[in-house]
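One structure below.
What follows draws every value from the coordinates through simple rules; no lab data is involved. Here the structure is a predicted model, which is why all the values come from computation and not from measurement. No Cβ is skipped: glycine too gets one built from the backbone with ideal geometry, and neighbour counts run over all protein chains shown.
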Amino acid sequence: AQSVTQLGSHVSVSEGALVLLRCNYSSSVPPYLFWYVQYPNQGLQLLLKYTSAATLVKGINGFEAEFKKSETSFHLTKPSAHMSDAAEYFCAVSPVLSQGGKLIFGQGTELSVKP
Amino acid sequence: DTGVSQDPRHKITKRGQNVTFRCDPISEHNRLYWYRQTLGQGPEFLTYFQNEAQLEKSRLLSDRFSAERPKGSFSTLEIQRTEQGDSAMYLCASSLARAPDTQYFGPGTRLTVL
């Protein structure tokens, strides 16, 4: 069965500091991996996705993530945090062989950005 | 492209009542997904449609839940005899069948069962 684990339910950084949100996955087949962001009272917005092409994936708003098969990780980073980055971030996995495309989400990491 | 819309945005009901939510996907998207998100958790998959066919249902979808997409466009999710444990955000997403890895989410319907 596929699953994701997000390490740290809350992460706090100062504005301008590095953002690092951790995600480890478990999958018996090659996975697709995703990061979504959710602002209060809104739906989820796709930040970036890994679909077995380049292992370093660049997304919107300056975020990027690196797929590391040996570590079963897909951590999300941003070099310099902005106040507008404060939100809930979800890592998700979808097995490649699944025709349905259903997403399996982690529990989320709330990012706070201090001025 | 007006995005995925959901109605209502908020619903408060008493235990035992029936509720129905509506989702309008992006117009050209033939796949439609329902997820449930409880407080402090990530979304959980409930079911998905390709056109009007319901192709997969999670075991989370008890007999009290039913979803339809009669004309392959909008979808409804009905919960009968609501329970307090049904309180959650119900999210709808849509995608093209050829690109299920790119799902667009609606704003959700927040259900509170008193």
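Leaving out same-chain residues fewer than 8 places away, which aspartates and glutamates sit with a Cα under 19 Å from that of B:K57?
B:E44, B:E68, B:E78, B:D86, B:D101
Give, as ranges by residue number, the residues of the stretch A:23-50 whose backbone N falls under 16 Å from the point 7 Å along Cα→Cβ of A:L7.
A:23-26
What is the magnitude of the charge dipole of the stretch A:16-115 about its Cα centre, with +1 placed on the Cβ of each Lys and Arg, -1 on the Cβ of each Asp and Glu, and no other charges, expressed in debye to the nearest 20?
Magnitude of the dipole: close to 140 debye.
Using a Debye calculation, one point per C-alpha and no hydration shell, please list log10 I(q)/I(0) for chain B at q = 0.16, 0.20 Å⁻¹ in order.
-0.66, -1.04
Work from the charge dipole of chain A (Cβ charges, +1 for Lys and Arg, -1 for Asp and Glu, about the Cα centre) and give the residue of A:S27, A:I104, A:V57 farthest towards its positive end.
A:S27
Which translational diffusion coefficient, to the nearest whole µm²/s, is obtained for the stretch B:69-114 from the Stokes-Einstein equation, given a Kirkwood hydrodynamic radius over C-alpha pairs, 4 °C and 1.567 mPa s?
Once the numbers are plugged in, D ends up at 103 µm²/s.
Choose one of B:I26, B:F45, B:V4: the residue whose Cα lies farthest towards the positive end of the charge dipole of the stretch B:1-90 (beta-carbon charges +1 Lys, Arg; -1 Asp, Glu; about the Cα centre).
Of B:I26, B:F45, B:V4, it is B:F45.
Taking every residue in B:25-33, how many Cβ atoms of other protein chains lie within 10 Å of its Cβ, on average?
Mean partner-chain Cβ count within 10 Å for B:25-33: 1.
If you average 1/r over all unlike Cα pairs in the protein assembly as shown and invert the result, what Kirkwood radius do you get in angstrom?
Over the protein assembly as shown, the inverse of the mean reciprocal pair distance is 18.1 Å.
Run the dipole for the stretch B:1-103 about the Cα centre, Lys and Arg Cβ at +1, Asp and Glu Cβ at -1, nothing else charged, and hand back the magnitude in debye, nearest 20.
The dipole of the stretch B:1-103 has a size of about 320 debye.
Given an 8 Å cut-off on Cα distances and at least 6 residues of separation, report the relative contact order of chain A as a percent.
Relative contact order for chain A comes out at 37 percent.
Only Cα pairs within less than 10 Å get springs; with that Gaussian network setup on chain B, which residue of B:Q80, B:Q37, B:Q17 has the largest fluctuation?
Looking only at B:Q80, B:Q37, B:Q17, the largest GNM fluctuation is found for B:Q17.
Which whole-number percentage describes the relative contact order of the stretch B:4-97, with Cα contacts under 8 Å and a sequence gap of 6 or more?
Reported as a whole number, the value is 38 percent.
Once you have the Cα-Cα distance between B:T112 and B:S27, take 0.36 nm times their residue separation minus that, and quote the gain in nm to one decimal.
Here the segment from B:T112 to B:S27 would lengthen by 27.7 nm.
Expressed as a fraction of 2.2 N^0.38 Å, the rule-of-thumb size for a compact globular protein of N residues, what is the C-alpha radius of gyration of chain A?
Ratio of Cα Rg to 2.2 N^0.38 Å: 1.02.
Among all the lysines, which ones have a C-alpha under 23 Å from A:K69's C-alpha, if same-chain residues fewer than 8 places away are not counted?
Within the straight-line cut-off, A:K69 pairs with A:K49, A:K58, A:K78, A:K102.
Positive end of the dipole of the protein assembly as shown, charges at C-beta (+1 Lys, Arg; -1 Asp, Glu), about the Cα centre: which of A:F74, B:L60, B:Q80 has its Cα farthest in that direction?
B:Q80
Would you mind giving the mean number of other chain beta-carbons within 10 Å of the Cβ of each residue in B:44-53, as a whole number?
Rounded to a whole number, the mean comes out at 2.
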